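Working notes for the structure below.
The values are calculated or read from the model by the stated rules, or taken from the named source; none is laboratory data. This is a predicted model, so every value here is computed, not measured. Heads up, the Cβs are rebuilt from the backbone with ideal geometry, glycines too, and the neighbour counts pull from every protein chain shown. All accessible areas refer to the heavy atoms of the entire protein, side chains included, with ligands and DNA or RNA removed. Shrake-Rupley method; radii C 1.70, N 1.55, O 1.52, S 1.80 Å.
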Amino acid sequence: MRLLVTGGCGFIGTNFLYAMRARHPDWRLVNLDKLTYAGNLGNLRALEAEAGRQYTFVHGDICDRGLVARLLEEHQIDAVVNFAAESHVDRSIDDPSPFVVTNVLGAQNILDCARRAGTSRVVHVSTDEVYGSLGPTGQFHESTPLQPNSPYSASKAGADLLCRACHETYGQDIVITRCSNNYGPYQFPEKLIPLMYVKATAGEPLPVYGDGRNVRDWIFVDDHCRGVELALLNGRPGAVYNFGGAAELPNIKVVRTILRLTGRDESLIRHVADRPGHDRRYAMNFDLAARELGFAPGVSFAEGLERTIAWYRANPDWLAEVQSGAYRTFMDSWYKERA
Ligand code: NAD
Ligand code: DAU
């Protein structure tokens, strides 16, 4: 297989590339990444050294039609997995425009170029956030209407609809995956779990939005990567597959667990102004993926969180490097407004 992975220098893309390299050493992997604030070339240094000609990094934008078309042709790409996106909800509230450009127009460009090149399959990596928010009961199914509430989730829903339209109109082989909240190694410390780890270890206040009772369904990143791999290999053309971790937890419980694991006191918790439009609860029904793909999350939240914290403890240089000037500019202004 000759696979184009976009956004491979981000959190999930990095984990996915390492997993594919380990499980399919005969695959040719091409990684197209713009290296935004969230992309880190250093993540893949070990893979680059080990994989030799089986791995190629290309610095570029998924919105660049000439570049994407050239890569598909030059590398005779069989399939594309599109991870590239602006991924942080808070940043989308601050400024939606890069989200629309990359997440909608970039996705459309991938679909158009793949169709013209005759690329056999596109796996579009989407999110449970396209479904909106749940009350205290129920789960999201693939047939749940899309009701995105943030600019981020609206842009992801826009791309999902373009995928659907390209499948219906042109008969293109496209599979959409929608996953719940990931955590694990290489996650950028703007997201809840690594951010709380960073704050706790520094002995700084931990900012919890609103009452902290918002619920997320946490999945260890390796399990999501396995789901995407299964969708790539065995997904039905035109299908949507939900993936989840079967680990629904209120944020406050996650934060307390991180404080316990880092040996810090709960007095560090600060309830701050809520995220505007904050979805109350997500819960994924992934029966379809279990039935058609054999998907099942394999890592419990307790085990996954311990592995994650062990990775951050072992990689203080990685953390220091990604918390650069650009990181601070957004974080300082966002949390100043919420204090
Ligand atoms: P991330 O922000 O860590 O990484 C995104 C990567 O995409 C970065 O390497 C960045 O440089 C790259 N990128 C951004 N714009 C680009 C562009 N125009 N062209 C090329 N590369 C570009 O994101 P993540 O958390 O790894 O998420 C990856 C994908 O999975 C996203 O599509 C996201 O919507 C989806 N997803 C994430 C989660 C989660 O919990 N993190 C859950 C479900 C789905
Ligand atoms: O559900 C899948 C989605 O999960 C992905 O599509 C997104 O790319 C990913 O960023 C993530 O979105 P969330 O908004 O759920 O993740 P985040 O880590 O930003 O927040 C998780 C929860 O924690 C959410 O309810 C908001 C809350 N939170 C977050 C931050 C950063 C806080 O209480 N305080 C914080 O400082």
**Fill in**
The lone condition Leu192 fails out of (1) open to solvent by 40 Å² or more (accessible area, probe 1.4 Å); (2) away from ligand 2 (no atom under 11 Å from the Cβ) is (2)
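The rows are residues; the columns are (1) touching a strand residue (DSSP E or B) at 6+ places or on another chain (Cβ under 8 Å); (2) over 27 Å from Arg91 (Cα atoms).
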site: Phe295; (1), (2): yes, yes
site: Tyr312; (1), (2): no, no
site: Asn315; (1), (2): no, no
site: Glu321; (1), (2): no, no
site: Ser324; (1), (2): no, no
site: Met331; (1), (2): no, no
site: Trp334; (1), (2): no, no
site: Ala339; (1), (2): yes, no
**Fill in**
Scanning segment 163-189 residue by residue, the ones that are under 19 Å from the mean Cα position of the chain (by Cα), surrounded by fewer than 21 Cβ atoms within 10 Å (Cβ to Cβ) and within 16 Å of Arg116 (Cα to Cα) total 0
**Prompt:** Would you pick out the residues in segment 318-339 that are exposed (fewer than 15 other Cβ atoms within 10 Å of the Cβ), within 16 Å of ligand 1 (Cβ to nearest atom) and polar (S, T, N, Q)?
**Reply:** Ser324
**Request:** Would you please list the contacts, defined by Cβ atoms under 9 Å and residues six or more apart or on different chains, that run from a residue in segment 314-327 that is farther than 16 Å from Pro185 by Cβ to a residue that is among the charged types (D, E, K, R)?
**Result:** Tyr327/Glu190
**Prompt:** Can you pull out the residues in segment 45-62 that are within 21 Å of the chain's Cα centre (by Cα) and under 15 Å from Leu4 (Cβ atoms)?
**Reply:** Phe57, Val58, His59, Gly60, Asp61, Ile62
**Request:** Starting from residues that are farther than 13 Å from Cys179 by Cα and among the polar types (S, T, N, Q), keep the ones in segment 202-256 and report whichever is most open to solvent (accessible area, probe 1.4 Å).
**Result:** Asn234
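Count, please, the residues in segment 113-129 that happen to be under 15 Å from Leu32 (Cβ atoms) and more than 16 Å from ligand 2 (Cβ to nearest atom).
From segment 113-129, those under 15 Å from Leu32 (Cβ atoms) are 113-114, 117, 119, 122-125; that's our starting set.
Going one step further and asking which of them are more than 16 Å from ligand 2 (Cβ to nearest atom), we end up with 113-114, 117, 119, 122.
Counting residues in segment 113-129 that are under 15 Å from Leu32 (Cβ atoms) and more than 16 Å from ligand 2 (Cβ to nearest atom) gives 5.
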**Prompt:** Here are some conditions: (1) more than 11 Å from ligand 1 (Cβ to nearest atom); (2) part of a helix (DSSP H, G or I); (3) touching a His at 6+ places or on another chain (Cβ under 8 Å). Ala107 meets all but one. Which one does it not meet?
**Reply:** (1)
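Condition check ((1) within 14 Å of ligand 1 (Cβ to nearest atom); (2) among the aromatic types (Phe, Trp, Tyr); (3) touching a helix residue (DSSP H, G or I) at 6+ places or on another chain (Cβ under 8 Å)) across all residues:
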residue	(1), (2), (3)
Tyr183	yes, yes, yes
Pro189	yes, no, yes
Leu192	yes, no, yes
Gly203	no, no, yes
Val208	no, no, yes
**Message:** Among the residues in segment 132-145, are any part of a helix (DSSP H, G or I) and within 15 Å of ligand 2 (Cβ to nearest atom)?
**Reply:** no
**Asked** For residues in segment 41-66 being in contact with a helix residue (DSSP H, G or I) (Cβ under 6 Å, 6 or more places away or on another chain) and over 23 Å from Asp26 (Cβ atoms), which is nearest to ligand 2 (Cβ to nearest atom)?
**Response** Ile62
**Prompt:** Of the residues in segment 264-289, how many are under 14 Å from Met196 (Cβ atoms) and either of a type outside the set (D, E, K, R) or without any contact (Cβ under 8 Å) to a residue 40 or more places away in the chain (or both)?
**Reply:** 6
**Prompt:** Is there a residue in segment 93-103 that is closer than 20 Å to Asn31 by Cβ, touching a residue at least 40 places away in the same chain (Cβ under 8 Å) and assigned to a helix (DSSP H, G or I)?
**Reply:** yes
**Message:** Quick test for you: out of Val123, Val198, pick the one residue that is buried (at least 23 other Cβ atoms within 10 Å of the Cβ) and in contact (Cβ under 8 Å) with a residue 40 or more places away in the chain.
**Reply:** Val123
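Filter segment 281-292 for residues that are under 20 Å from the mean Cα position of the chain (by Cα) and not in a strand (DSSP E or B); which is farthest from Arg213 (Cα to Cα)? Even if it seems obvious, please write down each step before you answer.
In the first step, residues of segment 281-292 are kept if they are under 20 Å from the mean Cα position of the chain (by Cα); the result is 281-286, 289.
In the following step, the residues that additionally are not in a strand (DSSP E or B) were identified as 282-283, 285-286, 289.
Values: Tyr282: 12, Ala283: 14, Asn285: 21, Phe286: 23, Ala289: 28 Å.
Among residues in segment 281-292 that are under 20 Å from the mean Cα position of the chain (by Cα) and not in a strand (DSSP E or B), the one farthest from Arg213 (Cα to Cα) is Ala289.
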**Item:** Residues (of a type in the set (Gly, Ala, Ser) and either surrounded by 18 or more Cβ atoms within 10 Å (Cβ to Cβ) or at negative phi (or both)) located in segment 14-59
**Value:** Ala19, Ala22, Ala38, Gly39, Gly42, Ala46, Ala49, Ala51
